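The values are calculated or read from the model by the stated rules, or taken from the named source; none is laboratory data. A quick note: this is a predicted structure, and the numbers were derived from the prediction, not measured. Note: ideal-geometry Cβ built from the backbone for every residue, glycine included; neighbour counts use all protein chains shown.
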């Protein structure tokens, strides 16, 4: 009897795996498993035996992938790769890097941007993309070095987002004095609330509590004149400023 149940169990598993491989309706799994003992035989004669060898061969079901994820190419990436192989233009490397950056394939993006910069050191879009990709990989100190070069060329690149990114990279890599200087430049020209907030927190960390409180208050004060779309965008930093002030015993109306 034990041999019968071992054989029966093996037959059930075989039919279940065949059902998965053929992508049959899930109801067949219920029939095979729960309709004892006729379920697997019903599937065998109704589906497997009838289909003969036309279906896929029996293969083990892979629950976990053991290799690296396969890169899925799009028509655009294939076209750019073809252009790169033919012309080796910096512009094409940079565009391919931007696609990888959007897909969060940071390592692939880095190699494309670096190649673009080698071929055209004045291609600022490639420098900016390289800084973003390095930041995305968790290398803020390396990203800061790239963005430093970009800011030397164009302090207002991307409407202030480049120097703001530089300030963030300094902060994340514990270069606090440089971060303070960069945040100050952002505040003076672009008024990003996130820059105000982190500038104030760095001041607080250095023991300049009064100055930090003043900057947090300036976030609250400036928020009252914002249009609705801008208010929604900055809401998080406004709320964080309120939290900081309450934590330090300051209640604002």
Tell me, yes or no, whether segment 199-220 has at least one residue that is within 21 Å of residue 156 (Cα to Cα) and out of contact with any helix residue (DSSP H, G or I) (no Cβ under 8 Å at 6 or more places or on another chain).
-> no
Helices (runs of 4 or more DSSP H) contained entirely in segment 134-217, each with at least 1 residues that are touching a residue at least 40 places away in the same chain (Cβ under 8 Å) and crowded, with 20+ Cβ neighbours inside 10 Å | 193-205
Using beta carbons and a limit of 8 Å, which pairs, at least six apart or on different chains, have the first residue in segment 86-98 and at pLDDT 95 or above and the second one not in a helix (DSSP H, G or I)?
-> 90/120; 90/123; 91/120; 91/123; 94/123
The condition of being within 20 Å of residue 140 (Cα to Cα) and modelled with pLDDT of 95 or more holds, among 214, 177, 204, only for 177
Looking at this structure, is residue 130 over 27 Å from residue 80 (Cα atoms) and buried (at least 22 other Cβ atoms within 10 Å of the Cβ)?
-> no
Total residues in segment 1-18, condition at pLDDT below 75 and surrounded by 15 or more Cβ atoms within 10 Å (Cβ to Cβ) | 0
